[in-house]
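What follows is calculated from the coordinates using simple rules that are stated; it is not laboratory data. Owing to the predicted nature of the structure, the values given are computational and were not obtained by experimental measurement. So basically every Cβ, Gly included, is an ideal-geometry build from the backbone, and we count neighbours across all protein chains shown.
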Amino acid sequence: MQGRTGKSGAARFVRYRPAPASRGALALQPAAAPVQPPGLRLVRPEDGVDAEVRAVANATVRLVAEILAGARPPHQLSLVAVPAVCRAVLHHLQARSIPASRGGRIVPPKVLSTRLQRPAPTVAETVAVVIVAGRVHALALRLEHTRGRWRCTALETTAP
């Protein structure tokens, strides 16, 4: 048994726990001073690297959400992920108590929002809010550029 979090290799599946009620109290402390926005940056048409990373990240998020919802077979993850992530997701799907064929219509997942950051030139991290099986879940991916393509090297989600 893996306890409260299912942890296996490059992917981590976390059980959702609702936050305690705040009873009307302010949950965040007010900021001491307003943060100055960063200066403007000139964007040139040849800056297509970020557009490429964003397209790969969005496609990977959509693919992972569809696999977790049961709308796609898990072997399709091998197109965008390293073998360790593929094995971890397959192991997680096999360990779930939900039968493979539910006998009904599978509701396709919906990606509500995504965010992308680039901590290094060959690394991109993206987070998304997705609806899988009628519930809202978080999804986080780490993409690394190796051998000329972007591959998902880590995955973390609250989806079942």
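Assorted remarks:
- Over the range 59-160: Rg over Rh, Cα atoms, Kirkwood Rh: 0.97
- Computed 3J(HN,Hα) for the range 68-73, one whole-Hz value per residue from the Karplus formula 6.51 cos²θ - 1.76 cosθ + 1.60 where θ = phi - 60°, is 5, 7, x, 7, 10, x, glycine and proline marked x.
- Net charge contributed by nearby residues that have their C-beta within less than 11 Å of residue 111 (K/R +1, D/E -1): +1
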